[in-house]
Amino acid sequence: MSNAEKTGPRRRTIRTFVRRAGRMTSPQRKALVDLWPRYGLDFAEKSIDFASVFGNTADVCLEIGFGNGDTLVQQAQENPQQNYIGVEVHEPGVGHCLNAARKADITNLRLIVHDAIDVLQRQMAVDSLNRINLYFPDPWPKKRHHKRRIVQPSFLELCADRLRPGGALHIATDWANYAEHIGAALGASARFTVSERREHDGDQPLDRPRTKFERRGLRKGHRIWDWRFERIDQ
Ligand SMILES: C[S@@+](CC[C@H](N)C(=O)[O-])C[C@H]1O[C@@H](n2cnc3c(N)ncnc32)[C@H](O)[C@@H]1O
């Protein structure tokens, strides 16, 4: 049993997010009610049976912290042979994403509104995902908040356990200090190897569309770092 499984049941006190008040529009609120039966998966302490959820055995990619979901919906639209599960805690973003999914009329996407770390621990079976996307995670720039950053050794262990051998972890950030942190954390991990790294000005995204937070970073003059890490077969 891996460390991530061993430490699974312990209650965490440090969260990687604070629930933002954020105004919910009425179409977003309506989507959370009307479209949830079609696209929503409730949090439960039980592994999801992907084949029964999607009605097929295609690969499943998990996107953590999808924000407003435009990038997630675009990827699902462009890759109908791949299934996607998006996890986000910010409900207005989830409502926005539900409306975009309905508009695109896609069938290969499901959403979960819950802490992605719990979702990985409880709802994703070991060796089940072919890819995890973590695009522009909250940077928590103040030093005293670095412990809130989602990229930590225990998180990487958990991702490696839920990915199948050879599965990929894609990460992008526009914060130079978080890029250093990510490079160091993954460099120290025995579970991943770097298969591609790009540092660019928004012009070379690695196998993904541009995201809302990436555009915000570019407007501030930030550079962008993209990685594809591959799970090492053990
Ligand atoms: C900086 S935003 C990036 C959003 C989007 N990926 C983008 O690039 O536009 C980070 C998002 O991650 C979400 N988030 C942070 N920690 C999370 C967690 N543990 N589980 C689910 N969502 C989380 C936040 O609510 C926020 O919407």
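The values are calculated or read from the model by the stated rules, or taken from the named source; none is laboratory data. If you're wondering where the values come from, they're calculated on a predicted model, not measured in any experiment. Counting neighbours? That spans all protein chains shown, and the Cβs are built from the backbone with ideal geometry, glycine included.
Say we look at the stretch 87-104 and pick out the residues that are within 9 Å of the ligand (Cβ to nearest atom) and of a type outside the set (A, V, I, L, M, F, W, C); which of these is nearest to the chain's Cα centre (by Cα)?
To start, the set of residues in the stretch 87-104 that are within 9 Å of the ligand (Cβ to nearest atom) comprises 87-90, 93.
Within this subset, residues satisfying the condition of being of a type outside the set (A, V, I, L, M, F, W, C) are 88, 90, 93.
Working: Glu88: 8, His90: 13, Gly93: 14 Å.
Checking each candidate, the answer is Glu88.
Among the residues of the stretch 88-117, which ones are buried (at least 21 other Cβ atoms within 10 Å of the Cβ), among the β-branched types (Val, Ile, Thr) and not in a helix (DSSP H, G or I)?
If the condition is that a residue be buried (at least 21 other Cβ atoms within 10 Å of the Cβ), among the β-branched types (Val, Ile, Thr) and not in a helix (DSSP H, G or I), then Ile112 is the only one that fits.
Could you grab me the full set of residues in the stretch 105-123 that are within 12 Å of the ligand (Cβ to nearest atom) and among the charged types (D, E, K, R)?
Asp115, Asp118
So Asp70 passes all but one of these: (1) near the ligand (Cβ under 10 Å from one of its atoms); (2) surrounded by 19 or more Cβ atoms within 10 Å (Cβ to Cβ); (3) not polar (S, T, N, Q). Which condition number does it fail?
Going through (1) near the ligand (Cβ under 10 Å from one of its atoms); (2) surrounded by 19 or more Cβ atoms within 10 Å (Cβ to Cβ); (3) not polar (S, T, N, Q) one by one, Asp70 breaks only (2).
Starting from the stretch 166-195, keep only residues that are closer than 16 Å to Gln234 by Cα and away from the ligand (no atom under 16 Å from the Cβ), then list their pairs with residues that are assigned to a loop (DSSP other than H, G, I, E, B) and among the β-branched types (Val, Ile, Thr) whose Cβ atoms are within a distance under 6 Å, requiring at least 6 positions of separation or different chains.
Every condition considered, the pairs that remain are Arg191/Ile232; Thr193/Ile232.
Evaluate the following for Gly187: is it in a helix (DSSP H, G or I) and not hydrophobic (A, V, I, L, M, F, W, C)? Walk me through it before giving the result.
Values: in a helix (DSSP H, G or I): yes; not hydrophobic (A, V, I, L, M, F, W, C): yes.
Yes, satisfied.
Please determine whether any residue of the stretch 139-146 is within 13 Å of the ligand (Cβ to nearest atom), part of a helix (DSSP H, G or I) and not aliphatic (A, V, I, L, M).
Step one: of the stretch 139-146, the residues within 13 Å of the ligand (Cβ to nearest atom) are 139-141, 145.
Filter once more, keeping what is part of a helix (DSSP H, G or I): 145.
Of the ones still in play, those that are also not aliphatic (A, V, I, L, M) are 145.
Yes, the stretch 139-146 contains a residue that is within 13 Å of the ligand (Cβ to nearest atom), part of a helix (DSSP H, G or I) and not aliphatic (A, V, I, L, M).
Just to check your reading of the model, which residue among Leu156, Leu120 is closer than 27 Å to His90 by Cα, in contact with a Ser or Thr (Cβ under 6 Å, 6 or more places away or on another chain) and in a helix (DSSP H, G or I)? It would help to see each step written out before you state the result.
Details: Leu120 fails: in contact with a Ser or Thr (Cβ under 6 Å, 6 or more places away or on another chain).
Of Leu156, Leu120, the one residue that is closer than 27 Å to His90 by Cα, in contact with a Ser or Thr (Cβ under 6 Å, 6 or more places away or on another chain) and in a helix (DSSP H, G or I) is Leu156.
Return the residue satisfying two criteria in turn: it lies in the stretch 219-234 and is part of a strand (DSSP E or B) and surrounded by fewer than 21 Cβ atoms within 10 Å (Cβ to Cβ), and of such residues it is farthest from the ligand (Cβ to nearest atom). Step through it out loud before you land on a result.
Kept after step one, since they are part of a strand (DSSP E or B), are these residues of the stretch 219-234: 224-231.
Now narrow it down to the ones that are surrounded by fewer than 21 Cβ atoms within 10 Å (Cβ to Cβ): 228, 230.
Details: Arg228: 16, Glu230: 21 Å.
Among them, the one singled out is Glu230.
I need every pair where a residue in the stretch 68-97 that is of a type in the set (A, V, I, L, M, F, W, C) has its Cβ under 6 Å from the Cβ of a residue that is assigned to a helix (DSSP H, G or I) and more than 10 Å from the ligand (Cβ to nearest atom), sequence separation at least 6 or different chains.
Once the first residue is of a type in the set (A, V, I, L, M, F, W, C) and sits in the stretch 68-97, its partners that are assigned to a helix (DSSP H, G or I) and more than 10 Å from the ligand (Cβ to nearest atom) give Val73/Ala100; Val73/Ala101; Val73/Ala104.
If you take the residues in the stretch 206-218 that are within 11 Å of the ligand (Cβ to nearest atom) and in a loop (DSSP other than H, G, I, E, B), which one is surrounded by the fewest Cβ atoms within 10 Å (Cβ to Cβ)?
Let us first name the residues in the stretch 206-218 that are within 11 Å of the ligand (Cβ to nearest atom), namely 208-217.
So of that shortlist, the ones also in a loop (DSSP other than H, G, I, E, B) come out as 208-211.
Working: Arg208: 17, Pro209: 15, Arg210: 17, Thr211: 23.
The selected residue is Pro209.
Of all residues in the stretch 74-87, how many are out of contact with any Phe, Trp or Tyr (no Cβ under 9 Å at 6 or more places or on another chain) and in a helix (DSSP H, G or I)?
Going through the stretch 74-87 one residue at a time, the tally reaches 3.
Could you give me the residue pairs with C-beta distances under 8 Å whose first residue belongs to the stretch 145-159 and is of a type in the set (Lys, Arg), whose second residue is surrounded by fewer than 19 Cβ atoms within 10 Å (Cβ to Cβ) and not in a loop (DSSP other than H, G, I, E, B) wherever it lies, and which are 6+ apart or on separate chains?
What qualifies is Arg149/His181.
Residues Ala125, Ala190: which one is over 27 Å from Ala58 (Cβ atoms), at pLDDT 95 or above and hydrophobic (A, V, I, L, M, F, W, C)?
Details: Ala125 fails: over 27 Å from Ala58 (Cβ atoms).
Criteria check complete, one pass: Ala190.
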